[in-house]
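The values are calculated or read from the model by the stated rules, or taken from the named source; none is laboratory data. All of these numbers come straight from a predicted model, not from anything done at the bench. With ideal geometry, Cβ positions are generated from the backbone for all residues, glycine too; neighbour counts draw on all protein chains shown. We work out accessible area using only protein heavy atoms, side chains counted, and drop any ligands, DNA or RNA first. Shrake-Rupley method; radii C 1.70, N 1.55, O 1.52, S 1.80 Å.
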Amino acid sequence: MLKNLEQFLPNNEPNSLQNYPFFWVSQVNGKYIQLIEKSIKKLGIDNTRRKIILSTHALGQASITEVANLSTLKLTTATKAVYRLVEDGIVEVFSSEQDERISMVKLTDKGLSLVEKINQISQVTLSGILNAFDDDELKQFNAQLKKMFDLLPSS
């Protein structure tokens with residue numbers, strides 16, 4: 001347990017943000033999004049579509065709600081993007097066999113090919129950054145981020 005929690009929370013001190021962990025999470029995420037969006041532009045997709053494509057790939061086939069949750073997107077945003085991806089032939093939408101009211105998503109062959117291209121771009125774009133850390137540092141960093149994620153309440 002922290003003895004001096006106040007030092008890690010924003011306050012009226014000008015430099016207090018520098019000690020606030022969520023400030024750095026936000027800063028890193030912002031730079032990451034800018035870098036990735038610039039890199040994937042040549043694929044004709046934006047970051048929202050990239051997140052949906054990679055989440056759908058990770059889940060195999062899943063409901064739009066599950067894809068939205070893994071993508072950390074609002075359901076309405078994810079739904080609109082999924083249907084744009086359907087128009088582009090990247091995903092297919094179909095009714096769940098268990099409950100026809102639930103719309104399921106899966107990648108097409110074109111979508112699977114796009115996953116490979118996204119991953120190649122990510123490897124080229126991010127490998128130099130990740131190489132600044134050793135394996136143990138990255139494992140520890142991932143564990144700390146997961147712990148923070150798990151402690152945050154779901155919306």
**Report entry** Only listed residue being charged (D, E, K, R), in a helix (DSSP H, G or I), within 17 Å of the chain's Cα centre (by Cα) and exposed (fewer than 12 other Cβ atoms within 10 Å of the Cβ), chosen from K146, K139
**Finding:** K146
Query raised in the report: Restricting the search to the range 107-128, which residues are open to solvent by less than 90 Å² (accessible area, probe 1.4 Å), farther than 17 Å from I45 by Cα and either more than 17 Å from the chain's Cα centre (by Cα) or at pLDDT 95 or above (or both)?
Result: S127, G128
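Which ones in the range 16-41 are touching a Lys or Arg at 6+ places or on another chain (Cβ under 9 Å) and not acidic (D, E)?
Within the range 16-41, I36, I40 meet the criteria.
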Report task. Answer yes if at least one residue in the range 72-80 is in a loop (DSSP other than H, G, I, E, B), open to solvent by 50 Å² or more (accessible area, probe 1.4 Å) and of a type in the set (K, R), and no otherwise. Result -> yes
Report summary line: With the first residue restricted to the range 19-38 and required to be farther than 23 Å from N119 by Cα, and the second required to be modelled with pLDDT under 95 and of a type in the set (A, V, I, L, M), Cβ contacts under 6 Å at 6 or more apart or on different chains are F23/L17
Query raised in the report: When you scan the range 39-71, how many residues do you find that are under 14 Å from S113 (Cα atoms), part of a loop (DSSP other than H, G, I, E, B) and either of a type in the set (G, A, S) or open to solvent by 50 Å² or more (accessible area, probe 1.4 Å) (or both)?
Result: 1
Requested in this report: Taking E92 as the residue in question, decide whether it is acidic (D, E), in contact with a Ser or Thr (Cβ under 9 Å, 6 or more places away or on another chain), at pLDDT 95 or above and not in a helix (DSSP H, G or I).
Outcome: yes
